[in-house]
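A short reminder: the numbers here are calculations on the coordinates, not readings from a lab. All values derive from a computational prediction rather than experimental measurement. Neighbour counts run over all protein chains shown; Cβ positions are idealised from the backbone, glycine included.
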Amino acid sequence: MVVAGLVFAAIAALIHVYIFVLESLTWTSARTRRTFGVRSLEEAQVTKALAFNQGFYNLFLAVSALLGIVLVTAGATTVGATLVFAGTGSMVAAGLVLILSNRRMVRPAAIQAVPPLIAVIALAIGLAA
């Protein structure tokens with residue numbers, strides 16, 4: 001189960017790296033605007049700084065989970081698992097905030113929260129065994 005938890009943590013981290021790219025690097029592109037429901041280039045320009053900042057939050061969550069995975073696989077299980085739990089747990093919490101703030105965001109919230117939730121559960125079960 002530890003391996004399954006780490007695999008799902010890696011999937012969650014990759015999703016959050018992708019979200020970072022969308023929010024911080026391609027925010028004003030037509031494709032990214034469609035993805036986030038931003039109707040116009042003008043609206044994207046106005047919100048660009050906020051999205052840029054938000055993207056880095058997603059990147060930091062991904063980095064903490066990825067670093068944790070590396071440390072667990074290197075044998076530093078306590079420190080590594082702590083980082084994986086902190087990163088993926090925060091991803092789950094962010095997904096919950098998204099769905100609670102806008103009920104129409106079920107799909108994006110699920111994309112953001114389900115893989116890290118599986119990671120948390122699988123890793124916890126694996127470490128408890």
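Quick rundown of the values:
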| read-out | value |
| --- | --- |
| Principal axis dimensions, largest first and in whole angstrom, of the stretch 1-113 by Cα | 50, 26, 18 |
| Principal-axis tilt of helix 2-20 within the chain, Cα atoms, nearest 10 degrees | 20 |
| Normalised contact order of the chain, rounded percent, pairs of Cα under 8 Å and 6 or more residues apart | 36 |
| Between the stretch 75-129 and the stretch 8-63, the alpha-carbon center distance in angstrom | 19 |
| Structure-based [θ]222 nm, the chain - -39500 (n - 2.57) summed over DSSP H runs of at least 4, per residue, nearest 500 | -29000 deg cm²/dmol |
| Extreme residue, positive dipole direction of the chain, given options Leu41, Val92, Ala65 (C-beta unit charges) | Leu41 |
